[in-house]
């Protein structure tokens with residue numbers, strides 16, 4: 001019970017060393033997504049919070065392409081001094097590089113160093129509020145009655161939404177049709193228009209439409225209650241073994257010294273202890289969740305094993 005003063009003192013000492021690393025310098029925090037999405041949102045909140053802690057000007061740069069691989073490559077090729085960092089999403093680290101015949105310049109999950117987790121991103125099973133489905137059971141019953149006719153949307157082939165639809169098909173033993181789009185937004189438009197049946201997508205993408213009553217949220221993809229909709233059941237209650245959550249972690253160049261990595265991890269820990277930051281993340285549909293380097297590394301390994309199994313089962317190839 002008396003360890004807290006020692007831990008606090010150690011954290012203060014570690015953070016005090018950071019200005020020597022970055023004072024009067026610019027730290028680039030890369031986002032692999034375009035402005036406005038959940039990945040960019042998490043990146044900007046973290047940059048705003050972490051800059052003063054590390055004594056540097058933290059600037060967000062969007063480096064889009066190949067589902068985050070362009071940003072990952074720039075980070076991997078940067079100097080190992082902590083001045084180029086990347087808010088790495090689960091899909092970039094766990095899914096994209098494992099697609100069959102993925103012709104990529106690097107495997108981000110193997111060649112970047114996870115420093116600390118920032119947020120979890122729950123996925124929601126959504127349908128049109130004015131459509132025929134009022135529960136997950138309704139969707140599964142329709143798929144059973146009409147094999148190959150019920151459709152699920154995604155943000156593209158090989159996206160997290162796509163892989164979750166394939167995982168649902170495996171777990172439920174049903175034949176449903178994947179409809180890929182160029183991003184989540186056009187898929188949501190077609191769900192609202194009745195042209196696609198459902199999608200399992202980031203809650204940050206659909207929170208507003210659910211709150212406004214345009215979309216009906218039938219289930220949450222992971223077992224942890226979602227703060228904005230605590231009454232919505234987990235999908236695992238209806239489909240045994242379905243438990244998926246996305247995440248956004250701070251990653252860096254693998255050649256950084258252990259001392260520098262420890263300092264950056266401590267800075268993220270301090271940033272994530274700010275109630276104002278936690279509140280803003282939650283309002284944006286994310287679940288703020290600091291996890292240290294060891295924890296996020298274990299999470300990464302677990303997710304890579306899960307998605308590799310799905311990819312191989314459906315022989316999913318990169319475009």
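The values are calculated or read from the model by the stated rules, or taken from the named source; none is laboratory data. Because the structure is a prediction, the values reported are computed rather than measured. Cβ atoms come from the backbone with ideal geometry, glycine included; neighbour counts cover every protein chain shown.
Taking segment 97-133 as the range and being within 16 Å of the chain's Cα centre (by Cα) and part of a loop (DSSP other than H, G, I, E, B) as the test, only 122 passes. Residue-level check: of (1) part of a helix (DSSP H, G or I); (2) surrounded by fewer than 21 Cβ atoms within 10 Å (Cβ to Cβ); (3) at pLDDT 85 or above, residue 47 misses just (2). Being surrounded by fewer than 18 Cβ atoms within 10 Å (Cβ to Cβ) and in contact (Cβ under 8 Å) with a residue 40 or more places away in the chain narrows it down to one residue among 317, 237, 298, 208; which is it? Result: 317 is the single residue among 317, 237, 298, 208 that is surrounded by fewer than 18 Cβ atoms within 10 Å (Cβ to Cβ) and in contact (Cβ under 8 Å) with a residue 40 or more places away in the chain. Screening residue 288 against (1) assigned to a loop (DSSP other than H, G, I, E, B); (2) touching a strand residue (DSSP E or B) at 6+ places or on another chain (Cβ under 7 Å); (3) closer than 25 Å to residue 32 by Cα leaves a single unmet condition, (1). Only residues that are assigned to a loop (DSSP other than H, G, I, E, B) and either in contact with a helix residue (DSSP H, G or I) (Cβ under 7 Å, 6 or more places away or on another chain) or not assigned by TED's automatic domain parsing to the domain that holds residue 249 (or both) were counted across segment 56-74, and they come to 3.
Could you tell me how many of the residues in segment 197-216 are closer than 17 Å to residue 160 by Cβ and in contact with a helix residue (DSSP H, G or I) (Cβ under 7 Å, 6 or more places away or on another chain)? Result for segment 197-216: 8. One residue is enough: does segment 171-193 have a residue meeting the conditions closer than 24 Å to residue 241 by Cβ, out of contact with any strand residue (DSSP E or B) (no Cβ under 6 Å at 6 or more places or on another chain) and touching a residue at least 60 places away in the same chain (Cβ under 8 Å)? Yes, the conditions are met somewhere in segment 171-193. Within segment 68-96, the only residue that satisfies the criterion of being on the phi > 0 side of the Ramachandran plot and over 12 Å from the mean Cα position of the chain (by Cα) is 82.
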